[in-house]
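The values are calculated or read from the model by the stated rules, or taken from the named source; none is laboratory data. Worth saying up front: this structure is predicted, and the values here are computed from it rather than measured. Please note: Cβ atoms are built from the backbone with ideal geometry, for glycine as well, and neighbour counts cover all protein chains shown. Surface areas here come from the heavy atoms of the whole protein model, side chains and all, with no ligands, DNA or RNA. Shrake-Rupley method; radii C 1.70, N 1.55, O 1.52, S 1.80 Å.
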Amino acid sequence: MKNEKSQQKIKKFFPFGEGFRKGLLVILGGGESGVGTALLAKAKGYDVFVSDKGKIKEKYRNVLLNNEIEFEDEKHTESQILNADIVMKSPGIPDKVALVKQIRDAGIKVVSEIEFASNYTEANLVAITGSNGKTTTATLTHHLLKQQLNVGLAGNIGDSFAKQILEKNHKNYVLEVSSFQLDDIHDFKPKVAVLTNITPDHLDRYDYKFENYIASKFRIVENQTKADYFIYDADDEVIAEWIQNNKVQSKKLPFSLTKIIEQGAYYKDNKIIITIDNNQIIMPTENITLEGKHNIKNAMAASTVSHLLKIRKQTIRESLENFQGVEHRLEHVLKINKVQYINDSKATNVNATYFALESMDAPTVWIVGGVDKGNDYKELFPFVNEKVKAIICLGVDNEKLFNAFGNMVDVIIETQYMSEAVKIAYKVANAGDNVLLSPACASFDLFENYEDRGRQFKNAIRNL
């Protein structure tokens, strides 16, 4: 059976057999993952064609030109694309797009960057996914591991995985992996899989069925064996229910804030206790720079990976204490007139904003809004009632926010300009208050992306 699977793998990536022409790889999307894949594929002997319906950014266009890789932008030439042996699809392109349906109907294999690139490395792969916390957990895990190991950080973050395999060939990789990337894996198999949590998100890509999104997240373990490890949040009811009803081959290492865990990690008396086999370490958390219960969980996940990969206890403890956090995630920007301004632009869903509001320890002016992805704001009501003194709605359509929160606060204002939102917050906030940008929504109505939204927030604060 195993030999048969490896033969299928050879056929998939070497359509004409090893040692012959590798065939045409068409890449849909000329961004970071697409161009990285193009470079690796060319180096491995493929004919490569990059096609992007939008305009390819100049920095990526120059890379393609300098490496003599054929490409097109602002159009898709179907005849050339449908001549592909393999298609690597950017994670941002939905399956419902007509061209993607045509490709699949033609029997052409569609892969993600992580699937393609992982065939060209023997490195240990630590893959981290989840609705929230995956960027912080991946960045923190990389920070802990790099003190002792040769390790790259890739996936949904930084330079593309494929490009790093070509240029740096690290012995270990920490990959932040989205559900969209997992949708197009076939043989991708991380040595360590981490699942931070699952809450409803991106349901527009999954026929508005939560179960489809859950299944997508759990693809991270589908190719793992007994020699691999699965680290997950045992307090997450969605994860717990799935594990109860489905078989996981890999060795399970749960983490919990509320339960005693025999194999894995738990939190008690301000300490993280991690046990793997008969080896236990205890980490005090008083000096961890990350705030909030959710970040204790992120620290447990990252520390469990580190303990598993034999990082010294002292190194883990010191690294947890000097980690500076992730930009746009509960980022303390400035304190002006004793008011703390906090950038949580990366909170693009309700659950992320839940953690942000939970961690507020002072009266808060909350800037919220953007593209609503079918949000249910009920779980935020207790925090809004308890902690939020004013709401500034920053979006094209704020009606749903007014309906949800209009009766809970004395001040609720709308604007479509970040500079104006920050000026209003400055007027409303008093000494000792927080001003929190935690949108609970996507950014595409008024901003290029969540990074653009966060940068505009920070610039507006500096211009007060």
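Could you tell me the center-to-center distance, by alpha carbons, between region 74-97 and region 161-179 in angstrom? Cα centroid of region 74-97 versus Cα centroid of region 161-179: 23 Å apart.
Packing here is the average count of other Cβ atoms within 10 Å per residue, and on that basis the peptides 84-91, 270-277, highest first, run 84-91, 270-277.
If you take the square roots of the eigenvalues of the alpha-carbon gyration tensor of region 220-333 and sort them as a ≥ b ≥ c, do you get rounded (a/c under 1.5), prolate (a/b over b/c) or oblate? Prolate is the answer for region 220-333, as a/c is 1.5 or above and a/b outweighs b/c.
Applying the criteria of a DSSP loop state and at most 14 other Cβ atoms within 10 Å to the chymotrypsin sites (Phe, Trp or Tyr not before Pro) of region 143-228 yields Y208. Angle of helix 134-145 to the longest C-alpha principal axis of the chain, folded into 0 to 90 degrees and rounded to 10: 70°. Listed values for region 52-57 are Karplus-derived 3J(HN,Hα) couplings in whole Hz (6.51 cos²θ - 1.76 cosθ + 1.60, θ = phi - 60°), namely 9, 5, x, 8, 6, 4, and x replaces Gly and Pro. Rounded to whole numbers, the Karplus 3J(HN,Hα) couplings from phi for region 270-278 are 6, 10, 9, 10, 10, 10, 10, 6, 9 Hz, using 6.51 cos²θ - 1.76 cosθ + 1.60 with θ = phi - 60°, and x at Gly and Pro.
Think of each Lys and Arg Cβ as +1 and each Asp and Glu Cβ as -1; about the Cα centre, that makes the dipole of region 95-217 roughly 260 debye. Spacing of the modelled spin labels on N403 and Q147, each 7 Å from Cα toward Cβ, amounts to 5.0 nm. PRE reach from V100 (point 7 Å along Cα→Cβ): which of region 147-176 fall under 19 Å by backbone N? The answer is 155-157, whose backbone nitrogens lie closer than 19 Å to the label point. Amide H contacts of V111: V87, M88, K89, each under 5 Å away and 5 or more positions distant or on a separate chain (H built 1.01 Å from N in the peptide plane; Pro and chain starts excluded).
A simple packing score, the average count of other Cβ atoms within 10 Å per residue, orders the peptides 337-346, 29-38 as 29-38, 337-346, with the highest score first. For region 113-193, what does the alpha-carbon gyration tensor say about shape, rounded, prolate or oblate, given a ≥ b ≥ c as the root eigenvalues, a/c under 1.5 as rounded, and a/b over b/c as prolate? Because a/c hits 1.5 or more and a/b fails to exceed b/c, region 113-193 counts as oblate.
Less than 5 angstrom separates the built amide H of I336 from those of Y341, all sequence-distant by 5 or more or on a different chain. Annotation: amide H of I157 within the under-5 Å range of E176, sequence separation 5 or more or interchain, hydrogens built in the peptide plane. Counting only protein heavy atoms and a 1.4 Å probe, tell me what percentage of region 110-249's accessible area is made up of carbon and sulfur. Carbon plus sulfur share of accessible area: 43 percent. Qualifying GluC sites (Glu not before Pro) in region 359-464, where qualification requires a DSSP coil assignment and no more than 16 other C-beta atoms within 10 Å, comprise E448. Rolling a 1.4 angstrom probe over the protein heavy atoms with all chains in place gives the chain an accessible area of 45 Å² per residue.
Counted over the chain with a bin width of 10 Å, the fraction of Cα pairs per bin, in whole percents, is 4, 19, 28, 26, 17, 5, 1, 0.
Taking θ as phi - 60° and the Karplus parameters 6.51, -1.76 and 1.60, the scalar couplings of region 247-261 work out to 8, 10, 6, 6, 6, 8, 10, x, 10, 8, 8, 10, 10, 7, 10 Hz in sequence order, x denoting glycine and proline. Under the combined filter of DSSP loop state and at most 14 neighbouring Cβ atoms within 10 Å, region 40-82 retains these GluC sites (Glu not before Pro): E68, E74.
Computed about the Cα centre, the dipole magnitude for the chain is approximately 1280 debye when only Lys and Arg (+1) and Asp and Glu (-1) carry charge, each at its Cβ. Rounded if a/c is under 1.5, else prolate if a/b beats b/c, else oblate: with a ≥ b ≥ c from the C-alpha gyration tensor eigenvalues square-rooted, which is region 19-140? Cα axes put region 19-140 in the rounded bin.
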